[in-house]
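Here the structure comes first, spelled out in structure tokens, and everything after it is commentary.
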Amino acid sequence: MATTGRDYYEVLGVGRSATGADIKRAFRRLARELHPDVSAEPDADERFKEVVEAYEVLSKSETRELYDRFGHAGLRSGGFRPTPFDFGSLADIFSAFFGDDVFGVATGPRRARGADIAAEVEIDLEEAATGVTREVPVQVAMRCAECGGDGVQPGTSVSTCEDCGGAGRVQQVTRTALGEFIRAQPCARCGGSGRIVEHPCEACSGAGRTLEERSLDVQIPPGIHDGQRIRLSGEGHAGALGGQAGDVYVLVHIRPHERLVREGDDVYSTVDLTMTEAALGARATIATLEGEEEVEFEPGTQPGSVRILRGRGMPVLHGFGRGDQRVLVNVGIPRQLTEVQRRLLGEFEQTATEETYRSDEGFFEKLKSAFR
């Protein structure tokens with residue numbers, strides 16, 4: 001089946017652990033050396049066919065895996081046959097494998113992809129938690145409705161460029177002591193399009209696109225983070241000559257919340273208790289993503305303690321579950337006391353014992369709590 005039966009990795013001069021990029025680079029190098037347009041070696045034709053065949057096998061994961069396991073016999077039993085081809089120019093060969101723009105110029109009327117568009121949207125933290133749909137205005141180049149994007153006035157026709165024969169490029173062959181070198185460049189007459197438009201579309205002046213204001217509905221998923229982008233595929237500028245449209249990338253900003261701070265999927269807040277509320281226990285109103293809520297604090301609540309509300313944080317983006325809300329307790333100590341208050345506090349202190357202030361945590365537990 002193979003041209004010579006040689007090992008394909010040996011033909012391309014790469015190891016068996018070579019990446020796809022390594023294989024592509026090796027093929028490009030050998031093709032430039034061995035193509036009949038360049039090489040004067042008597043066996044260049046056969047060697048070039050061998051290189052092409054090796055690249056056909058090793059550049060595709062399924063045929064490469066089959067060859068690695070069973071060799072040439074495995075390829076035969078798997079039904080692989082080398083693609084027959086006639087020798088064209090080196091640019092034509094590369095174009096067949098790598099696309100039309102191998103040498104930086106088009107090989108025909110180029111339907112270039114349209115440019116991408118950047119937009120921004122700002123939402124509240126609560127909206128980031130629930131998800132929201134927002135309208136985003138953009139100015140976008142749309143395919144001309146009059147000419148359908150080809151830039152030609154309806155009812156008229158285009159002619160093929162005579163200088164390049166419609167290829168959009170011209171070649172120059174330079175003969176040197178090392179052989180022939182072929183240089184391709186855009187056709188000067190048609191600008192690389194391969195066609196001559198004598199009657200451009202009046203609506204778009206031959207550009208094939210018109211600029212319009214549009215509003216796009218952007219669905220912002222729950223749990224999105226500040227600074228993340230949302231891609232709207234195909235909503236960007238229309239491509240040249242009817243080419244594929246670009247994309248719109250929407251940058252999401254989340255406004256800072258007055259009473260909540262986000263850290264990952266958790267949210268943090270604080271609550272202020274008086275000395276007596278912390279000592280006797282109290283109900284206090286705190287801010288949550290769902291609005292204000294009353295939370296019970298047990299007697300003996302300590303300054304700096306953290307109350308965890310499980311599952312009350314942000315949703316996991318494109319996942320399951322939610323983070324927590326962590327409420328840091330601040331205890332206010334009175335700064336100005338009346339004589340009566342001083343006397344009462346003094347009486348309390350006289351009746352207090354070690355048991356009054358006994359902690360449920362040891363030193364190391366306190367240290368761990370502080371770090372948490």
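Before moving on, here are some points about what is shown:
- Within region 247-289, considering residues that are acidic (Asp, Glu) and within 16 Å of ILE308 (Cα to Cα), the one nearest to the chain's Cα centre (by Cα): ASP265
- Residue that is surrounded by the most Cβ atoms within 10 Å (Cβ to Cβ) [pool: residues in region 186-202 that are under 12 Å from ASP150 (Cβ atoms) and modelled with pLDDT of 80 or more]: CYS201
- Residues being over 30 Å from SER193 (Cα atoms) and of a type outside the set (Gly, Ala, Ser) - total across region 203-232: 14
- Helices (runs of 4 or more DSSP H) wholly inside region 1-85 that include at least 3 residues being under 26 Å from GLN172 (Cβ atoms) and modelled with pLDDT of 70 or more: 20-34, 44-58
- Evaluating ARG189 against the criteria (1) charged (D, E, K, R); (2) in contact with a strand residue (DSSP E or B) (Cβ under 6 Å, 6 or more places away or on another chain); (3) not assigned by TED's automatic domain parsing to the domain that holds GLN139 leaves one unmet condition, (2).
- Residues in region 152-168 that are among the polar types (S, T, N, Q) and either in contact (Cβ under 8 Å) with a residue 40 or more places away in the chain or assigned by TED's automatic domain parsing to the domain that holds THR210 (or both): 2 in all.
- Condition check for THR130: among the β-branched types (Val, Ile, Thr), surrounded by fewer than 18 Cβ atoms within 10 Å (Cβ to Cβ) and under 21 Å from ARG209 (Cβ atoms): no
- Looking across region 329-354 at every residue that is under 60 Å from the mean Cα position of the chain (by Cα) and surrounded by fewer than 10 Cβ atoms within 10 Å (Cβ to Cβ), the one that is farthest from VAL295 (Cα to Cα) is identified as GLN336.
- Flag for VAL316 being without any contact (Cβ under 8 Å) to a residue 24 or more places away in the chain and among the β-branched types (Val, Ile, Thr): no
- CYS161 satisfies every condition listed in (1) exposed (fewer than 14 other Cβ atoms within 10 Å of the Cβ); (2) over 36 Å from the mean Cα position of the chain (by Cα) except (1).
- The set of residues in region 319-344 that are in contact (Cβ under 8 Å) with a residue 12 or more places away in the chain and of a type in the set (Lys, Arg) comprises ARG322, ARG326.
- Pick from region 311-324, criterion surrounded by fewer than 14 Cβ atoms within 10 Å (Cβ to Cβ) and either modelled with pLDDT of 95 or more or at positive phi (or both), ranking: farthest from the chain's Cα centre (by Cα): GLY311
- For ARG183, the conditions (1) of a type outside the set (Asp, Glu); (2) surrounded by 14 or more Cβ atoms within 10 Å (Cβ to Cβ); (3) under 30 Å from ARG32 (Cβ atoms) are fulfilled apart from (2).
The values are calculated or read from the model by the stated rules, or taken from the named source; none is laboratory data. Bear in mind that the values here come from a model prediction, so they are computed numbers and not experimental data. Glycine gets a Cβ as well: all are built from the backbone with ideal geometry, and neighbour counts include every protein chain shown.
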